[in-house]
Amino acid sequence: MTDRKQYTKEFKQLIVHKIRNEGYTVAQIIKEYNIPDTNIYRWLEDGVGRKINPDLEIKRLKAEIDELYWVIGQLSASEKKSKKK
């Protein structure tokens, strides 16, 4: 059995703040801090650091949408290449 990493309340608040108020995407946080996405989404749902800047939230969501479109494009291109072979 693996040991589960414990995060302080302050650290969770920092991560949620970066996402909600500084425009970071979940993917960026995962890369920078090596935190499982399930933890991040749980912290967001639990209301850690509830204060949200609406403009930055819109910016963050748009960035996340753009990132998802990019991933879809990469998958589509990969699928087209594999069908040609």
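Please compute the contact order of region 9-84 in relative form: average sequence separation of alpha-carbon pairs under 8 Å and at least six residues apart, divided by the residue count, as a percent. Display every interim value, and only then the final one.
Working: 46 pairs, mean separation 28.1, N = 76.
Contact order relative to length: 37 percent.
Dipole size in debye (nearest 20) for the chain around its Cα centre, Lys and Arg Cβ +1, Asp and Glu Cβ -1?
For this selection, approximately 380 debye.
Among the lysines, which have Cα under 27 Å from the Cα of Lys31 when same-chain residues fewer than 8 positions away are ignored?
Cα-Cα hits under 27 Å: Lys5, Lys9, Lys12, Lys18, Lys51, Lys59, Lys62.
Looking at Trp43, Tyr24, Gln13, which one has the Cα that reaches farthest to the positive end of the dipole of region 9-84 (charges on Cβ: Lys, Arg +1; Asp, Glu -1)?
Tyr24
Rule-based calculations on the coordinates, nothing more; no lab input. Because the structure is predicted, anything quoted here is derived from the model rather than measured. Using ideal geometry, Cβ is built from the backbone for each residue, glycine included, and neighbour counts are taken over all protein chains shown.
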